[in-house]
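The values are calculated or read from the model by the stated rules, or taken from the named source; none is laboratory data. What you see is a predicted model, and the numbers here were worked out from it, not measured in a lab. All Cβ positions, even for glycine, are placed from backbone atoms using ideal geometry, and neighbour counts span all protein chains on display.
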Amino acid sequence: MLVLITYDVNTQDAQGSRRLRKVSKVCVNYGQRVQNSVFECLLSPAELCVVKSQLFSILDGTKDSLRIYNLGNSYKTRIEHYGAKQTYSPEEPMIF
Amino acid sequence: MKKLLNTLYVTTENAYLALDGENVVIQCEGETLGRLPIHMIDGIMAFGYIGASPALMGKCAEMNKSLVFLKPSGRFLAKVTGKSYGNILLRRSQYRICDHEEQSLAIARNIISAKLANSNAVLSRAMRDHALRIDTEKFARIGEALQKGKVNAYHAQSAESLRGLEGECANLYFSVFDDMILQQKEDFSYRGRSRRPPMDYVNAMLSFSYSLLTSMCVSALESVGLDAYAGVFHTERPGRCSLALDILEEFRAPFADRFVLTAINKKSICGKDFVEKENGGILLTEDGRKKFLTLWQQKKKEELMHPFLQEKVEWGLLPYVQAMLLAKYIRGDLDEYPPFIWR
């Protein structure tokens with residue numbers, strides 16, 4: 001299934017910038033960055049649990065927020081894209 | 001059931017593959033062409049010259065993803081293997097079977113009779129779909145011979161007689177292969193099998209698809225813990241993955257041959273997609289290879305009903321399913337190895 005992960009990390013202090021970097025690193029490991037703090041990840045339910053637990057261990061619940069949207073398996077009809085930034089679709093043939 | 005994951009093909013000849021965190025990064029002349037999480041993919045096939053970083057090779061081995069290097073022509077060069085996995089008891093029983101003529105024959109018989117049944121099915125499919133454009137009488141005659149070959153193969157008494165039967169039937173089957181090419185006749189005509197190098201467009205496509213299919217079979221066998229190099233029918237030679245070639249026989253006609261025929265008949269690939277080398281060998285051009293791989297990847301995602309499992313599986317998972325069934329038979333969980341018979 002395709003999962004959209006977005007986050008807002010409070011970066012008023014140095015601790016916050018550190019959290020931001022760490023969170024983005026975890027997300028990059030599991031999906032593609034479609035916008036600055038927006039990631040599309042093709043995950044199995046088990047992998048989603050892993051990602052979540054990794055993110056929870058980094059985030060500070062009092063200052064940051066995390067939103068996860070489940071777009072299911074037929075996500076293609078649910079996404080429209082306009083403008084710059086090329087993305088790949090994870091289930092199409094991948095030839096570089 | 002295992003999920004069919006995507007395969008990453010790298011056809012840019014001077015691309016370098018690196019690992020960054022859990023991402024495969026494809027670089028070319030200082031630029032990043034792509035960045036993909038390694039979880040998403042089942043394996044990487046690299047057709048370039050420059051290669052991959054040791055860190056990526058290590059990661060692939062650790063995560064059990066196949067990393068295969070091929071020549072731009074599609075010829076196999078090397079493959080990264082990590083620790084051998086699966087269990088030694090299964091592999092030992094596999095070796096015992098390979099050493100035992102009678103027991104190897106029991107598997108080989110099933111595989112070859114399935115191969116002949118599948119070749120026959122390809123012919124009957126052509127007869128059904130293009131009854132007006134092909135010589136149905138000739139097809140029916142050869143189909144009958146294949147049918148008989150199938151039954152004989154199932155009762156073959158020795159590996160030699162099985163080999164003879166297989167060769168005979170393959171000749172018959174390929175004698176009408178050209179008749180199944182209905183479009184673009186001026187570019188695509190089949191006069192006989194030629195390899196190393198393939199001498200015409202059809203052979204170039206056949207060779208390429210067999211080579212892709214072989215690596216699929218190798219990784220399928222290894223992922224269930226079998227040794228792809230110890231075969232039951234193909235003679236063993238250093239560096240030759242005999243068992244993979246054995247199970248490949250089941251898929252050749254319904255998977256690879258039909259794939260090639262469809263690509264030609266639907267005009268998805270045309271004469272412009274090939275180049276001729278100095279030695280007369282024919283290769284796909286870079287664009288042609290991309291087209292070919294895109295189609296191949298689409299074919300892998302098509303679903304069919306598996307006749308033995310009675311479950312829907314993708315074509316791309318078939319080698320894995322058969323490897324699993326073979327492992328089950330070797331373990332003694334099944335009375336007979338159920339080969340893949342396409343209907």
key: Criterion (more than 25 Å from B:Glu222 (Cβ to Cβ) and modelled with pLDDT of 85 or more) met by exactly one of B:Gln147, B:Gln103, B:Gln94   = B:Gln147
query = Before we move on, is B:Gln94 away from chain A (no Cβ under 11 Å) and either over 27 Å from A:Asn73 (Cα atoms) or assigned to a strand (DSSP E or B) (or both)?
reply = yes
ask   = B:Pro72: closer than 13 Å to A:Met94 by Cβ and either within 14 Å of chain A (Cβ to nearest Cβ) or surrounded by 16 or more Cβ atoms within 10 Å (Cβ to Cβ) (or both), yes or no?
value = no
note = Scanning region A:36-54 for residues that are surrounded by 10 or more Cβ atoms within 10 Å (Cβ to Cβ) and assigned to a loop (DSSP other than H, G, I, E, B) gives A:Ser37, A:Leu43, A:Ser44
request  = Select from region A:55-96 the residues that are within 14 Å of chain B (Cβ to nearest Cβ), surrounded by fewer than 17 Cβ atoms within 10 Å (Cβ to Cβ) and free of Cβ contacts under 8 Å to residues at least 40 places away in the same chain and list them in ascending order.
outcome  = A:Lys76, A:Gln86, A:Ser89, A:Glu92
message = Would you confirm whether or not region B:50-65 contains a residue that is more than 14 Å from every other protein chain (Cβ to nearest Cβ) and within 21 Å of B:Asp246 (Cα to Cα)?
response = no
task = With respect to B:Leu33, determine if the residue is within 10 Å of chain A (Cβ to nearest Cβ) and either part of a strand (DSSP E or B) or in contact (Cβ under 8 Å) with a residue 60 or more places away in the chain (or both).
result = yes
task = Name every residue in region B:271-299 that is within 16 Å of B:Phe188 (Cα to Cα) and either at the interface with chain A (Cβ under 10 Å from one of its Cβ atoms) or part of a helix (DSSP H, G or I) (or both), in order of residue number.
result = B:Gly271, B:Lys272, B:Asp273, B:Gly288, B:Phe292
message = For the structure I just gave you, tell me whether B:Ile247 is assigned to a helix (DSSP H, G or I), closer than 23 Å to B:Leu132 by Cβ and hydrophobic (A, V, I, L, M, F, W, C).
response = no
query = Has region B:263-270 got at least one residue that is surrounded by 14 or more Cβ atoms within 10 Å (Cβ to Cβ), out of contact with any helix residue (DSSP H, G or I) (no Cβ under 6 Å at 6 or more places or on another chain) and part of a loop (DSSP other than H, G, I, E, B)?
reply = yes
task = Looking only at region B:301-321, count how many residues are in contact with a Leu (Cβ under 9 Å, 6 or more places away or on another chain) and either within 13 Å of B:Pro338 (Cβ to Cβ) or among the basic types (Lys, Arg) (or both).
result = 7
request  = Mind listing whichever residues of region B:175-208 are out of contact with any Phe, Trp or Tyr (no Cβ under 6 Å at 6 or more places or on another chain), surrounded by 15 or more Cβ atoms within 10 Å (Cβ to Cβ) and outside any loop (DSSP other than H, G, I, E, B)?
outcome  = B:Asp179, B:Met180, B:Asn203, B:Ala204, B:Met205, B:Leu206, B:Ser207, B:Phe208
key: Cross-chain or 6+ apart pairs with Cβ under 8 Å, region B:247-266 first and touching a residue at least 24 places away in the same chain (Cβ under 8 Å) and more than 22 Å from B:Cys98 (Cα to Cα), then of a type in the set (D, E, K, R) and surrounded by 23 or more Cβ atoms within 10 Å (Cβ to Cβ)   = B:Arg252/B:Lys115; B:Ala253/B:Lys115
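So that you can scan it fast, the table gives a plain yes or no per residue for (1) out of contact with any Lys or Arg (no Cβ under 8 Å at 6 or more places or on another chain); (2) of a type in the set (A, V, I, L, M):
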| site | (1), (2) |
| --- | --- |
| B:Met63 | yes, yes |
| B:Val68 | no, yes |
| B:Tyr95 | yes, no |
| B:Ile112 | yes, yes |
| B:Asp129 | yes, no |
query = Which residues, taken from region A:43-54, are out of contact with any strand residue (DSSP E or B) (no Cβ under 9 Å at 6 or more places or on another chain) and away from chain B (no Cβ under 14 Å)?
reply = A:Ser53
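Residue-by-condition table, conditions (1) within 30 Å of B:Asn23 (Cβ to Cβ); (2) loosely packed, with under 14 Cβ neighbours inside 10 Å:
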residue: B:Asn64; (1), (2): yes, no
residue: B:Phe76; (1), (2): yes, no
residue: B:Asn120; (1), (2): no, no
residue: B:Phe139; (1), (2): no, no
residue: B:Val151; (1), (2): no, yes
